[in-house]
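The values are calculated or read from the model by the stated rules, or taken from the named source; none is laboratory data. Bear in mind that the values here come from a model prediction, so they are computed numbers and not experimental data. Cβ atoms come from the backbone with ideal geometry, glycine included; neighbour counts cover every protein chain shown. For accessibility, only protein heavy atoms count, side chains too; no ligands or nucleic acids. Shrake-Rupley method; radii C 1.70, N 1.55, O 1.52, S 1.80 Å.
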Amino acid sequence: MPVLRAGLGMVEGFLRLLPDARVGHVGIYRDEEEHVPIDYFERLPPRLPAAQVYVLDPMLATGGSAVHALHHLKRAGAKRLELVCLVSAPQGIEAVQAAHPDVTIWTAAVDRELDENAYIRPGLGDAGDRVFGTA
């Protein structure tokens, strides 16, 4: 379950590991002024309550989008959820753990902080822009 749009960059690698997986999509963007998640798209696979669901979101900054996506999926019936990220900030990890203590977080790296715009520092920049070459 990639969080659009940046999470799409992680789908191909995941499908190499789990070729029979069904892929749903959750579209969430962050309001750049208020730093709150905004829904804009959803397409969930059938049998969600019985599935192991991996939420793919490369950057876990404030945790707002991840917390929102996990809450949304739980409301839709998902019970077994894991969050997979590439780079995380301590604040994002704390936010997800506080809101969803039952969800395992997998991350490749934990960077030191968020800046005044709530971007991970040192970070990698905007993951969606990197994946799609729109920077």
- Message: Only one of Leu86, Leu81 is buried (at least 18 other Cβ atoms within 10 Å of the Cβ), assigned to a strand (DSSP E or B) and in contact with a Pro (Cβ under 6 Å, 6 or more places away or on another chain). Can you tell me which?
- Response: Leu86
- Query: Can you spot a residue in region 63-73 that is among the polar types (S, T, N, Q), open to solvent by 50 Å² or more (accessible area, probe 1.4 Å) and touching a strand residue (DSSP E or B) at 6+ places or on another chain (Cβ under 6 Å)?
  - Reply: no
- Among the residues of region 44-95, which ones are within 23 Å of Gly13 (Cβ to Cβ) and of a type in the set (Val, Ile, Thr)? Val53, Val55, Val84, Val87, Ile93
- Task: Examine region 28-36 for a residue that is over 11 Å from the mean Cα position of the chain (by Cα), open to solvent by less than 50 Å² (accessible area, probe 1.4 Å) and hydrophobic (A, V, I, L, M, F, W, C), and state whether such a residue exists.
- Result: no
- Query: Does Val87 satisfy the criteria of being more than 10 Å from Ala61 (Cα to Cα) and touching a residue at least 24 places away in the same chain (Cβ under 8 Å)?
  - Reply: no
- Can you name the condition, by its number, that Leu83 falls short on among (1) out of contact with any helix residue (DSSP H, G or I) (no Cβ under 9 Å at 6 or more places or on another chain); (2) modelled with pLDDT of 95 or more? (1)
